[in-house]
């Protein structure tokens, strides 16, 4: 504290401590609520609404870039991190706070360990922020990390090119569902393990418990990208994972209004390469230090839109999962389709493994999300002809929308990783990625049928 104003600073610290006690009590009450209640209300309580003097029942947007202080004592306390503050929206913002708290509560739902969240300007920003501190140079040794080969094209590029530029080498696991395939790749220089569940677009999955146990044997964390599942279907922290990342742009933000990402880290995560204060609360530590310095912040308006997207998350995911299953079943029987990858199909080789983990929250019913892929029977040219014939399904690189969207990964999302990288990940030129939206499945099926009919 300042030698010039010790009493004034201390007064603000005491005031903040009382507010934090009230907020912790509210958080404890919420952790006892059901998933849908948390998604609808989050941390914005009646007490907070009336304390602000307005009583609005929906979280307010704080578009201001910075916070004003009542005097120099409050400013000193805030900038020394002695009291909660949103001094500058590059670091924090009240609306962003409500989104982060809601995500942390949803991802830690049913998990004994608590967690904190950090939201970012995109999903790729979240992945980069999550992994970079774990790859920092400390002592001697060749740094590596191990990842499933079945990942989003941007993640593949980040890991194979950008992290290599920093001296960290990725080791790819071709068959991530086989825990034995991970073991030979992990050694004393490995900093973390990483996988998507399920993967985009190949629908790979893995045994979260077994891979987390392997990571913890080496005292390193497991990071899971659960973008497609969302906490409505899968909460990796409850199965031993340390960090969850999301592109909130996708299923969590199904309306398609904004780009965002998120990191949710359990308190006391496993990592012998991080300092104790980082392990204790990794997401908050990221916010106060690396994130503050690099600045991939989310706008208050984006946070506001995402909060409202989350309120009906379970209902939307359940509905779109059912639609995807109906479409996948139809495609699996179509003569112009060579292969369908959707974890919800009973004959999919990974269906039993996925069923252990992907279940609709608070119902226990297996559900597998709204992303699937299928291979057109024919050539790459046939695939493009089918694709160009779609009339209701949008052609775009995006996914997770309430409107059905399709792409050809080999020429779009996974183009930059090259032919060798696509073969490693199992992405042929005839693969189509389809994200089934909230339309009636009969109308989506009709559009697929008329486009496939162009192939004769």
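The values are calculated or read from the model by the stated rules, or taken from the named source; none is laboratory data. Fair warning: this is a prediction, and the values are worked out from it, not measured in the lab. Cβ coordinates were reconstructed from backbone atoms using ideal geometry, including for glycine residues, and neighbour counts include every protein chain displayed.
Tell me, which residue of segment 322-340 that is in a helix (DSSP H, G or I) and touching a helix residue (DSSP H, G or I) at 6+ places or on another chain (Cβ under 6 Å) is surrounded by the most Cβ atoms within 10 Å (Cβ to Cβ)?
327
Is it the case, given these coordinates, that residue 319 is assigned to a helix (DSSP H, G or I), surrounded by fewer than 21 Cβ atoms within 10 Å (Cβ to Cβ) and not assigned by TED's automatic domain parsing to the domain that holds residue 220? Let's see the steps before the verdict.
Details: assigned to a helix (DSSP H, G or I): yes; surrounded by fewer than 21 Cβ atoms within 10 Å (Cβ to Cβ): yes; not assigned by TED's automatic domain parsing to the domain that holds residue 220: yes.
Yes.
Scan segment 364-393 for residues that are touching a helix residue (DSSP H, G or I) at 6+ places or on another chain (Cβ under 9 Å), closer than 25 Å to residue 344 by Cβ and either without any contact (Cβ under 8 Å) to a residue 40 or more places away in the chain or not assigned by TED's automatic domain parsing to the domain that holds residue 318 (or both) and jot them down.
If the condition is that a residue be touching a helix residue (DSSP H, G or I) at 6+ places or on another chain (Cβ under 9 Å), closer than 25 Å to residue 344 by Cβ and either without any contact (Cβ under 8 Å) to a residue 40 or more places away in the chain or not assigned by TED's automatic domain parsing to the domain that holds residue 318 (or both), then 365, 366 are the ones that fit.
Give the residues of segment 87-130 that are out of contact with any helix residue (DSSP H, G or I) (no Cβ under 6 Å at 6 or more places or on another chain), closer than 14 Å to residue 242 by Cα and surrounded by fewer than 23 Cβ atoms within 10 Å (Cβ to Cβ), sorted by residue number.
Result: 112, 113, 114.
Which strands (runs of 3 or more DSSP E) does segment 202-299 wholly contain that include 3 or more residues that are under 19 Å from residue 358 (Cβ atoms)?
So the answer is 222-225, 243-247.
Against the definition (modelled with pLDDT under 95 and loosely packed, with under 14 Cβ neighbours inside 10 Å), how does residue 24 come out, yes or no? Lay out the reasoning, then the answer.
On the way: modelled with pLDDT under 95: yes; loosely packed, with under 14 Cβ neighbours inside 10 Å: yes.
Considered against the rule, which asks whether it is modelled with pLDDT under 95 and loosely packed, with under 14 Cβ neighbours inside 10 Å, residue 24 comes out as yes.
What single numbered condition from (1) touching a strand residue (DSSP E or B) at 6+ places or on another chain (Cβ under 8 Å); (2) assigned to a helix (DSSP H, G or I); (3) under 27 Å from residue 20 (Cβ atoms) fails to hold for residue 78?
Status for residue 78: all satisfied but (1).
Does segment 185-201 contain at least one residue that is in the same structural domain as residue 272 (by TED's automatic domain parsing), buried (at least 21 other Cβ atoms within 10 Å of the Cβ) and at pLDDT below 95?
Yes, there is a match, as at least one residue in segment 185-201 is in the same structural domain as residue 272 (by TED's automatic domain parsing), buried (at least 21 other Cβ atoms within 10 Å of the Cβ) and at pLDDT below 95.
The rows are residues; the columns are (1) part of a loop (DSSP other than H, G, I, E, B); (2) in the same structural domain as residue 291 (by TED's automatic domain parsing); (3) closer than 17 Å to residue 265 by Cα.
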site	(1), (2), (3)
69	yes, no, no
73	no, no, no
98	no, yes, yes
110	yes, yes, yes
124	no, yes, yes
142	yes, yes, no
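Restricting attention to segment 46-68, and to residues there that are buried (at least 16 other Cβ atoms within 10 Å of the Cβ) and in contact with a helix residue (DSSP H, G or I) (Cβ under 9 Å, 6 or more places away or on another chain), which single residue is farthest from residue 94 (Cα to Cα)?
Of segment 46-68, the ones buried (at least 16 other Cβ atoms within 10 Å of the Cβ) are 48-49, 59-62, 67.
If we keep only those that are in contact with a helix residue (DSSP H, G or I) (Cβ under 9 Å, 6 or more places away or on another chain) as well, we get 48, 59-62, 67.
On the way: 48: 12, 59: 9, 60: 9, 61: 8, 62: 6, 67: 10 Å.
Looking at the filtered set, the residue picked out is 48.
If I filter segment 351-364 down to residues being surrounded by 17 or more Cβ atoms within 10 Å (Cβ to Cβ) and in a loop (DSSP other than H, G, I, E, B), which single residue comes out as nearest to the chain's Cα centre (by Cα)?
So, considering only residues that are surrounded by 17 or more Cβ atoms within 10 Å (Cβ to Cβ) and in a loop (DSSP other than H, G, I, E, B), the one nearest to the chain's Cα centre (by Cα) is 358.
Looking at residue 288, is it in contact (Cβ under 8 Å) with a residue 40 or more places away in the chain, in the same structural domain as residue 131 (by TED's automatic domain parsing) and over 20 Å from residue 226 (Cβ atoms)?
Considered against the rule, which asks whether it is in contact (Cβ under 8 Å) with a residue 40 or more places away in the chain, in the same structural domain as residue 131 (by TED's automatic domain parsing) and over 20 Å from residue 226 (Cβ atoms), residue 288 comes out as yes.
What number goes with the only condition from (1) at pLDDT 95 or above; (2) closer than 30 Å to residue 360 by Cα; (3) part of a loop (DSSP other than H, G, I, E, B) that residue 59 does not pass?
Just one mismatch for residue 59, condition (1).
Only one of 161, 170 is out of contact with any helix residue (DSSP H, G or I) (no Cβ under 8 Å at 6 or more places or on another chain) and either over 21 Å from residue 234 (Cα atoms) or part of a loop (DSSP other than H, G, I, E, B) (or both); which? Step through it out loud before you land on a result.
Working: 170 fails: out of contact with any helix residue (DSSP H, G or I) (no Cβ under 8 Å at 6 or more places or on another chain).
The match here is 161.
Is it the case, given these coordinates, that residue 269 is in contact with a helix residue (DSSP H, G or I) (Cβ under 7 Å, 6 or more places away or on another chain), in the same structural domain as residue 213 (by TED's automatic domain parsing), modelled with pLDDT of 95 or more and more than 23 Å from residue 145 (Cα to Cα)?
It is false that residue 269 is in contact with a helix residue (DSSP H, G or I) (Cβ under 7 Å, 6 or more places away or on another chain), in the same structural domain as residue 213 (by TED's automatic domain parsing), modelled with pLDDT of 95 or more and more than 23 Å from residue 145 (Cα to Cα).
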